[in-house]
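A short worksheet on the structure shown next.
The values are calculated or read from the model by the stated rules, or taken from the named source; none is laboratory data. Note that this is a predicted model, so its numbers are computed, not measured. When we count neighbours, we look across all protein chains shown, and the Cβ atoms used for this are built from the backbone with ideal geometry, even at glycine. Only protein heavy atoms, including side chains, enter the accessible area calculation; ligands, DNA and RNA are left aside. Shrake-Rupley method; radii C 1.70, N 1.55, O 1.52, S 1.80 Å.
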Amino acid sequence: MEPQSGIPKYKQIISSVEIAIAENRLKKGDRLPSVNKVCL
């Protein structure tokens with residue numbers, strides 16, 4: 001995540017999840033990381 005990008009964190013998280021799905025790193029039934037882990 002890029003805090004200085006001007007894009008809200010929630011939109012950055014959504015984008016990251018969408019990219020992970022597109023790259024087959026996330027699949028149906030996978031658990032998402034906690035918000036705290038995502039924000040590190």
- Query: Where does the charge balance sit around I19 when Lys and Arg score +1, Asp and Glu -1, over other residues with C-beta under 13 Å from its C-beta?
  - Reply: 0
- Query: Which order do L32, L26 take when ranked by solvent-accessible area (1.4 Å probe, heavy atoms of all protein chains), largest first?
  - Reply: L32, L26
- Nonlocal amide H pairs with L26, under 5 Å, H built at 1.01 Å: I21
- Exposure rank, largest accessible area first [K9, K28; 1.4 Å]: K28, K9
- Once the piece of chain linking V17 and S34 is laid out straight, how much longer is it, given 0.36 nm per residue of separation minus the C-alpha distance between them? 4.9 nm
- Query: What are the ³J(HN,Hα) values, in whole Hz, obtained from phi via the Karplus relation 6.51 cos²θ - 1.76 cosθ + 1.60 with θ = phi - 60°, for each residue of region 6-20 in sequence order, with x given for Gly and Pro?
  - Reply: x, 8, x, 4, 5, 6, 5, 5, 4, 4, 4, 5, 4, 5, 4
